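Read through the structure below, which is laid out as structure tokens, and then see the notes.
The values are calculated or read from the model by the stated rules, or taken from the named source; none is laboratory data. In this text, all values refer to a predicted model and were calculated from it rather than measured experimentally. Neighbour counts run over all protein chains shown; Cβ positions are idealised from the backbone, glycine included.
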Amino acid sequence: MSDTTRMTLAEIEDLAFRALTAAGTSEDNARPLARATAETEADGVASHGLAYIPIYCEHVTCGKVDGQAVPVIDQPRPALLRADAATGFPHRAIAEGFERLVPLARGQGLAGLAIHNSYNCGVLGLHTRALAEAGMVALGFTNAPASIAPSGGARPVVGTNPFSLAVPGPEGEVAFLIDQSASTIAKSEVMKHAREDRPIPEGWALDPDGAPTTDPALGLKGSMAPSGGYKGVGVALLVETFAAALLGKDAAPFSGTAGGPPRTGQFFLAIDPGAAAGAVFAERIADLTAAVLDQPGARLPGDGRGAARRRARTEGVAVSTAILARIAAQME
């Protein structure tokens with residue numbers, strides 16, 4: 001018997017929406033999160049797709065996230081929007097913020113959206129991609145609970161803290177998309193291995209003493225290994241500055257039901273390339289991507305997700321039946 005079943009993107013979105021609303025999430029908050037869940041599955045990032053729905057629902061139930069939150073967006077400066085996510089899912093605040101951010105960036109040349117009192121935004125690249133599809137050069141940052149120790153240390157200080165760059169291409173397409181965390185691997189992958197009682201590859205995590213480990217349980221008690229050593233710690237500090245220091249809050253733990261709302265932050269910067277470089281921008285990006293793709297076997301960041309997304313639109317996505325059973329059990 002297969003341990004997966006194939007679902008269309010519409011079916012995935014519908015299931016996520018029904019599960020979230022059954023747990024107490026408002027329809028206005030559930031819809032953008034459900035849509036993002038389907039898009040995440042389409043991109044082939046299953047660890048952040050339907051697998052997270054039971055966690056989201058549990059966190060709504062225990063109060064770690066406010067499913068009924070109504071984000072408030074103001075504009076403290078001409079080129080800066082600030083959104084209070086009110087300890088709710090950030091997807092609604094991001095969607096409503098982007099509706100104002102894109103025209104603001106077109107008018108000002110560039111503009112920023114700072115979101116605070118937030119929660120896990122899922123795959124950061126989904127959000128920067130939306131800005132790039134609107135013609136913006138997009139930068140995104142989000143912080144996470146401390147899980148990376150500084151160089152030479154063993155106690156986590158900063159989170160895996162992903163950043164993303166999405167660059168627009170012709171006709172609403174994305175030329176390339178960088179979406180990477182400061183750690184060698186996303187912490188959710190270590191958590192997944194722990195749930196499945198499988199060892200992790202060496203280089204993913206460190207034990208509480210700072211030594212490499214293949215035991216995911218020890219890795220979760222210790223720290224995530226920074227990508228590129230001290231360079232990964234530098235990336236984590238960069239993101240911490242944009243998504244935490246500028247917004248005034250360290251992140252509480254995502255996992256479990258204790259600890260209250262994580263109160264993370266997200267920061268997005270949208271740049272109108274026409275204002276900065278005029279028509280020559282498109283030519284430069286086309287030349288750059290061509291120089292990469294002209295080499296046999298070479299690919300651009302985001303190509304893998306893009307190919308998976310195109311397949312998913314016609315073929316659907318293989319989804320774990322175990323995850324579907326967990327979601328069904330929560331909805332009973």
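Tabulated data for the structure shown
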quantity: Residues located in the range 65-93, provided they are buried (at least 24 other Cβ atoms within 10 Å of the Cβ) and touching a Pro at 6+ places or on another chain (Cβ under 6 Å); calculated: Ala83, Ala85, His91, Ala93
quantity: Cross-chain or 6+ apart pairs with Cβ under 6 Å, the range 142-158 first and under 16 Å from Pro253 (Cβ atoms), then β-branched (Val, Ile, Thr) and surrounded by fewer than 18 Cβ atoms within 10 Å (Cβ to Cβ); calculated: Ala146/Val157
quantity: Those residues of the range 290-306 which are of a type in the set (Gly, Ala, Ser) and farther than 23 Å from Lys192 by Cβ, in sequence order; calculated: Ala290, Ala291, Gly297, Ala298, Gly306
quantity: Cys121 touching a residue at least 40 places away in the same chain (Cβ under 8 Å), surrounded by fewer than 21 Cβ atoms within 10 Å (Cβ to Cβ) and closer than 22 Å to Pro261 by Cβ; calculated: no
quantity: Test: Ala244 is under 22 Å from Phe163 (Cα atoms), touching a strand residue (DSSP E or B) at 6+ places or on another chain (Cβ under 6 Å), in the same structural domain as His127 (by TED's automatic domain parsing) and part of a loop (DSSP other than H, G, I, E, B); calculated: no
quantity: Tally of residues being outside any loop (DSSP other than H, G, I, E, B), within 19 Å of the chain's Cα centre (by Cα) and aliphatic (A, V, I, L, M) across the range 81-100; calculated: 4
quantity: Cross-chain or 6+ apart pairs with Cβ under 8 Å, the range 278-290 first and farther than 18 Å from Leu110 by Cβ, then loosely packed, with under 14 Cβ neighbours inside 10 Å; calculated: Ala286/Pro170
quantity: Residue list for the range 248-271, restricted to those being part of a loop (DSSP other than H, G, I, E, B) and crowded, with 21+ Cβ neighbours inside 10 Å; calculated: Ala251, Phe254, Pro262
quantity: Residue that is surrounded by the fewest Cβ atoms within 10 Å (Cβ to Cβ) [pool: residues in the range 32-57 that are of a type in the set (D, E, K, R) and assigned to a helix (DSSP H, G or I)]; calculated: Arg35
quantity: One residue from Val174, Val190 being under 23 Å from Ser320 (Cβ atoms), of a type in the set (A, V, I, L, M, F, W, C) and in contact with a Pro (Cβ under 8 Å, 6 or more places away or on another chain); calculated: Val190
quantity: Qualifying residue in the range 125-144 (condition: over 30 Å from Gly109 (Cβ atoms), surrounded by fewer than 24 Cβ atoms within 10 Å (Cβ to Cβ) and at pLDDT below 95); calculated: no
